[in-house]
Every structure is written in C-alpha cells, then in structure tokens.
Amino acid sequence: MTELFQLAANGLVTGSIIAIGAVGVSLVYGILRIVNFAHGDYLVFGAYVALAVNVGWNGHIVLAAVAAVGATALLGAGLEFALWRPLRRKGAGLFSLFIAAIGLALVLRHVVFLVGEARPRRYDVDVFQVYDLGGVRLSQSQLIAIGIAFSAIVLVAFLLARTGLGKSMRALSDDRSLAAVAGIDVDRTVVFTWVLAGGLAGIAGLLQALILSAFTPNFGFALLLPIFAAVVLGGIGSAYGALVGGLVLGLVMELSTWDALAGGAPSVYKPVVAFSVLILVLLLRPQGVFGKARVV
Amino acid sequence: MSTIASLQFWAFVGVIAGIYTILALGLQVQFGFTGLLNFGHAAFMAVGAYTMAILVVKAGWPLWGASLAAIAVAIGFGLLLGLPTLRLRADYLAITTIAFAEIVRYVAINAQGLTGGPVGTIALAGPGEAASYNRDWLEFQRSVQDGLEVVIGENATRDVTMLVLVWAVALVLLVVVEAAVRTPWGRVLKSIRDDEDAASALGKNVFAYKLQALAVGAALAAIAGLFFAFQFSFFSPGDFDPLVTFFAYTIVILGGTARNWAVPVGAVLFGVIFAGTRFFDFPPFSLLDSGERAYVRLIVIGLVLIGLVLFRPQGLLGKREEMVLE
C-alpha cells in the first residue's frame, strides 16, 4: 500500500507541473487557435533564466523563480508582438501557425543550448534532504514543486473564475467574434493571455528542472507531448479541463508502473503511457473527458 | 586542398540531400498535395531502416527481400496509423502522428532485444558481437563503383557511387510521383486539400484517398530510411528524432509546396545549410566550435521556417494558387 501512496505522490508532482504547462497551451489554443509547439521551449527558457540567477549570480532559488516567471511572461508577450500578431494580420491559417511554432521552438531551444551550455545542469539546492511522511518519501524539491504548483493552480482557477480578465479570456475562447462585439478588448486580452501562459510556463519549467535534478534544454520537448495529452484529455481550449487533465495524466503515468497492475509497466515507458492516453482520447472522445460534445 | 573544394565532401552533402529528397517527396504527397499534417514522418523512415536491419541480422534474410519487406511493413504502419486517425481534424492529426512517432522511437530505444537499444543496430546480434546488415549492399555498391571507375577514373569513391545510386532512385521516384499527381487520382488529392467537403460531395471517398496518400508517403520514407541505413552502416533511434520530420517540412516548404521538382531544390539547399556548414573553415564559421555550429544551424533552420511562413509561404518555387500555407 505504501508503494501505491508513493506512486500517487510522485504522480501529483508530475501531474501538477504538467497541469501548469497545459493551462497555458489550452488558453492560447482556445483564444488564438495556435497549437503552440514551442511551449515546451518556453518552459526551458524559464528554467535557464532561473539557472542564470541561481547558479550564475548565486541568487536564492525563490528569487530565481520570480525571475523565471517574469522573464518567460515577457517572452510570451514579446513574441505576441514580434511574431504572432504579424502572422494574424496576414491572415495566417492553421498550417502556417503550426509551422511557425515549430520554427520558433527550434530557435528558442537552440539559443538556450548556445547560451546555457549542453551539459546537464542543476540548481544550487539541497537535493539530499528527504522528508518521510508516513512511509511516503518526498525530496525537498518534490515538496516545493507540489506547494508552488498547487498555489499556482488555485490562483489561476481564481483568476479565470472571478476576475474580469479571466472572464474576458473565457469569453474569447468560447466565441471570439461574439466577445469582440460585446466590447471585450481583444488585443489587450490576447497579450495578457500570453503573459499568463508565459508566466506559468516559467514556473512549470523551473519546477520540472528542479525535480529532474540534472537537466538539459531537451527536457522541454520531452514534456511537451504529455502537456498536449493533458490539454486533449481536458478538452482542447478548456483551462479548467487542462488543470484536471494534467493531474490525472501525472497520476496515470506514475501508477502505470505499479507492481499490482500485472507487474506494472517498466518506468522507461511512462512517456509512452502518456502518448497512448493522448491517442486514445483523441480517437474515442476528441472533445475531451470534460469537454462538451460538439463537432470536432 | 581545403574541404570546401573537395569532391568527396560535396559528394557526401549530395548523398544526404538525395536521401532527404526521397523523404521529403513522401511529405510532399501527404502535405503538399493532400493537405495532411503528418508529423510522424521520421517514424516511417525508422520502421523501414529497422525492419530491413532486423530481418537481415536476426532472420538471415537476403538484403533485397528484407528491403522490400521493410517498405511493406512501413506501408502497413501507415495504414494502421491512418485508419483510426485520418478522420481527425488537421491539428489533432498532427499531434496524434507525432505521438505515434515518439512511441516508435521509445520502443526502439527500450526494446533492446529487438532493436539493439539506444546504441543502435551495432548491438542487433547481441552483446559482444558487432552486427552488420549491409554486406550485400556493399558488394553491390562495389560492383557499381567498378563500373564508374571506367568512366570517371579514381574519382569513383564510395560516396560518389552512393551519390549516383541515391539520386538515380530519387529521380525515378520524382518522375513516378509527378506522373501520379497528373492523373485523375492526383487531382482528387489536390481537391481534398483545397476543399474536403467539395470532394466528398462529388462522390469521392475522401478517407480512402487520404489513406492512399499516407501509404505512398510512408513507402517513400521507408526507402529514404533504407538508403540512410546503407550509407551509415549502423544507426540508432536518435537518428529518427522528431527533428528529422521538421527537416523534411523545411525542405518541402522551402522548395515550395505542391511542386515535385521543388523538393530536390529544397533538399540541396537544406543539405548545404545542414551538412555543408559543418566544414566551412573561414570566419565567421571558424569562430564557433563544432557543437556551437550545430546549434547555430538549427537556429538558422528555425528562422528559415518562420521567415518563409511570414514572407514567402509558397516557398521558392511553389505556385501561389496552390498554397498550402495561407
């Protein structure tokens, strides 16, 4: 039984990071119809900004986290002005946006490689501190990840449900023209959507790098497909769905290795479990587990 | 003589460009003509190369039989992937196909007994024994090389021979695909790309045509995988990572979508950017070490993709009226 709790705890850690990444992808897709292939590399960007602060300038990890969030939010907004808005003005279609996102992913990732070195890096934190909670052992990094991730999830849920900005975002995501006619400032809301998606990507990147302990700029792409899987699971474009989808996916990935399940899947196949969930959901219930049935 | 001026070096670049021409031609059929956003193209290349190598080393098949079987297996994978997924909308299809490609790659890395694992096909025969699948190929290549020597003398090296062989096959395939898209079959593919509902309303079985396009593309990717395997003697799962698919897209979009003869042009340009800059030994290239150059190359490829989408969506040679990117 302890093993089950341990796996569930690990699943919550993985799942909450995926959830934070997935909200950004889902909002951006819902509002702009962009499948942001570069989102994994937004995470990487955040992780390496934090690395520069934490290791480069010996800053505390909290300061590094703030810097990661700020810088990645700026990156998100900056790219809206430099890339996405010009593309929209030209009337770029689905394929064009897709290809542009891939180009952007290549540029971002390899700029980070060029500046941040290719060797595995780690933050200056105590990785050996382990807490024992009734048989479930969690490292300090994992506890920090759960704490920050859950606060972020609650904050985002509150922002979307209660604030004017959140309501504008959801309205745009539901029906863009109707929202514009109703007087919502589309351009402004879009910029804030990128700021939110970028900031969350910054947190998710930092946390993923933290629990990986040693990381290279390739971790972003490795996490991108699980993030897409969470988005699809929750129903593309639904922010709440993405949050729940991320948590569920994290749990499924970890629990798939449980011995009691026919010996459990070898842990190297955890990503394969995520990709299979992705494909199965798309085939069986493309509107997502929580999405409304409509023509997909 | 500096590497830049050497025939051998450019022969190598040409071989890479030839292999990518075949790979990207498959994508041209799927993406350029049919409008299918297949982001798992590299997986079919992997399936082709691995099936051939496994059949030769583990089952003792002759190379030619194994190669034909490899193409057939890749087509089978294409149908298997297409049957459930081709009904999905374009963006969902893209995500599903890339997930499929990643599953193939993870299996190739982790199913060591079948594939040799992360170190690649050199471990196919089991521990302590270096496996080789291309003895028959090398023999064949040697005989072609002997023939070439009569014509061009000592310039007929291994790479030059490969250059001749891979481009001969690429040109034949280009002619075949060009002929195919000029038939009524090809026109239906284009009509599906331009307006799926219209094609459907005219009584065309859109799903069957999409499936055929996917299968043709898979076969071409498998052929590219075979040549890749022949050229490099052994390969590993890392050779088929999603970057390879993105490279194929770069070639198709750079050359121009929906125009077959643009594929080799895109592939040669890509070959020069990708393999060529590796050996440029003058500034500013000489200021970077080889690892840094690799990153700069990929940044350049990313910028080329973004630039094309922004400023020349029809590519260098594409037709404006048949644009896939709008």
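General observations
- Cα convex hull of the stretch A:2-284 - mean projected area over all directions, nm²: 15.3 nm²
- Per the Cα gyration tensor, the stretch B:86-228 maps to an equivalent ellipsoid with semi-axes of 38, 27, 9 Å, ordered largest to smallest.
- Given their separation in residues at 0.36 nm each and the Cα-Cα distance between them, B:D197 and B:W64 gain 43.7 nm when the chain is fully extended.
- Evaluated at q = 0.11, 0.13, 0.17 Å⁻¹: base-10 log I(q)/I(0), Debye formula over Cα of the stretch A:106-257: -0.56, -0.76, -1.15
- In plain terms, the chain from A:R122 to A:V186 could stretch by 19.0 nm, reckoned as 0.36 nm per residue minus the Cα-Cα distance.
- Net charge, A:S168 excluded, C-beta distance under 15 Å - Lys, Arg +1, Asp, Glu -1: +1
- Per residue, the average separation of C-alpha pairs within less than 8 Å and at least 6 apart gives chain A a relative contact order of 35 percent.
- Taking all pairs of distinct alpha-carbon atoms in the stretch B:167-326, Kirkwood radius in angstrom: 17.8 Å
- Derived from the Cα gyration tensor, the three semi-axes of the equivalent ellipsoid of the stretch B:2-73 are 26, 23, 9 Å, largest first.
- P(r) tail for the protein assembly as shown: Cα pairs beyond 47 Å make up 15% of the total.
- Exposed trypsin sites (Lys or Arg not before Pro) absent: longest stretch of chain A, with sites in DSSP loops and at most 10 other Cβ within 10 Å deemed exposed: A:1-291
- Listed by chain and number, the lysines whose C-alpha is less than 28 Å from the C-alpha of B:K319, apart from same-chain residues fewer than 8 away, are A:K90, B:K190, B:K204, B:K210.
- Long-range Cα-Cα pairs in the stretch B:3-322 (distance over 35 Å), rounded percent: 21 percent
- Full-extension gain in nm, A:W258 to A:W57, via 0.36 nm per residue minus C-alpha separation: 68.2 nm
- Per-residue HN-Hα couplings for the stretch A:18-33 [Karplus 6.51, -1.76, 1.60; θ = phi - 60°; Hz; x = Gly/Pro]: 4, 4, 5, x, 5, 4, x, 4, 5, 4, 5, 5, x, 8, 10, 6
- Taking label positions 7 Å along the Cα-Cβ direction at both B:R135 and B:L243, the computed distance is 3.4 nm, reported to one decimal.
- Across peptide B:97-107, the average count of Cβ atoms from other chains found within 10 Å of a residue's Cβ is 5.
- Label-point gap, in nm, between B:F232 and B:N155 - each point 7 angstrom along Cα→Cβ: 2.8 nm
Quick note: the coordinates plus some simple rules give every number you see, no bench work behind them. Computed from a prediction, not measured in an experiment: that's the story for all the values here. No Cβ is skipped: glycine too gets one built from the backbone with ideal geometry, and neighbour counts run over all protein chains shown.
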